[in-house]
Amino acid sequence: MNNKILLIDVELSRPEGDGAHFHSRMATHHPIGLLYLAANARAEFPDLDFKVFHTVTSTDPETEIKALLDGFEPGIVGLRAMSHFKPQFDDLARLVRGHRPEAIIIGGGPYPSASYGQLLEEKIIDLAVINEGERTFNQLIARLQGDWILPLDINGTAALENGIVKLN
């Protein structure tokens, strides 16, 4: 397993009439959930290398994410978003898929928890973590050790198996 994991908190907007560029929102939060997820995983797997990217801190998040994908070369990319950032989440997941197709894309947070079926069927993500993810994420990492085959049966996840969405 590649020991590099990039976690992205998707919190962007596209002003009307500006279809080409994302912009940061003014009202925001700290990505405490992703930071906790990384700290919890690192406690159990100290060899993991994490980067957490909060899109609201960037004036050009698409370019910075591409640079992170090229320079850091993560094996897992996790994206987290609220439901009202659906278009931005989908676009950034597709950016990751196109720029680093070998990475496993995991969706978490309120939007993927509520919309995992559509996200999996459209192959926007490879796996959805439903609700709280600390234990689930660590189980996923443990199962990926060695063979790097995406497990489809971890409790608290949803995955596409033989073209059918499977909720565990």
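The values are calculated or read from the model by the stated rules, or taken from the named source; none is laboratory data. Nothing here was measured: the structure is a model prediction, and the numbers come from that model. Don't worry about glycine lacking a Cβ; one is built from the backbone with ideal geometry, like all the others, and counts go over all protein chains shown. SASA here: full protein model, heavy atoms, side chains in, ligands and nucleic acids out. Shrake-Rupley method; radii C 1.70, N 1.55, O 1.52, S 1.80 Å.
One table, with the values for the structure above:
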| quantity | calculated |
| --- | --- |
| Spatial extent of the chain: Rg and Dmax, with the Cα atoms as the point set, Å | 15.0, 47 |
| Antiparallel content of DSSP bridges confined to the chain, in %, to 5 | 35 |
| Surface share of carbon and sulfur [accessible, 1.4 angstrom probe, percent] for the chain | 52 |
| Dipole of the chain, positive direction: furthest Cα of Gly108, Pro87, Leu6, with charges on the beta-carbon | Gly108 |
| Hits among lysines - C-alpha to C-alpha of Lys66 under 23 Å, sequence gap 8 or more where chains match | Lys4, Lys51, Lys86, Lys123 |
| Whole-number accessible area per residue in Å² for the range 50-168, which is evaluated in the context of all protein chains at 1.4 Å | 45 |
| Among Ser58, Leu68, Ile124 the positive-end extreme of the charge dipole of the range 35-162 (Cβ point charges) | Ser58 |
| The chain - mean residue ellipticity at 222 nm from DSSP helices (-39,500 (n - 2.57) per run, n ≥ 4, rounded to 500) | -11500 deg cm²/dmol |
| Accessible-area ranking of Arg42, Arg135, largest first, probe 1.4 Å | Arg135, Arg42 |
